[in-house]
């Protein structure tokens, strides 16, 4: 199996979690902090943080610093690469 196939497999494994998919849907609206996402999802900050770390490792989200806050950002262009790899 090639590197691209392995990466695609890992992305789909990360997306198998409903909470991770919901977090991505929320990040489609706007960037948010871990605390804001946890409050929105009504979940423990630690659990949301772990999900975001997995999404970040898969390249689906990134973190950016803004005025003493760490904002999570959806890397929408990754989904274009994923759908291109499937076609």
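Summary of values
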quantity	calculated
Only listed residue being buried (at least 16 other Cβ atoms within 10 Å of the Cβ) and over 11 Å from the mean Cα position of the chain (by Cα), chosen from 11, 34	34
When residues of the range 49-69 are limited to those that are assigned to a strand (DSSP E or B) and surrounded by fewer than 13 Cβ atoms within 10 Å (Cβ to Cβ), the one farthest from the chain's Cα centre (by Cα)	66
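Only the coordinates and a few stated rules stand behind these numbers; no lab work does. No experiment lies behind these values; they were computed from the predicted model shown. A quick note on method: Cβ atoms are made from the backbone with ideal geometry, for glycine too, and the neighbour counts reach across all protein chains shown.
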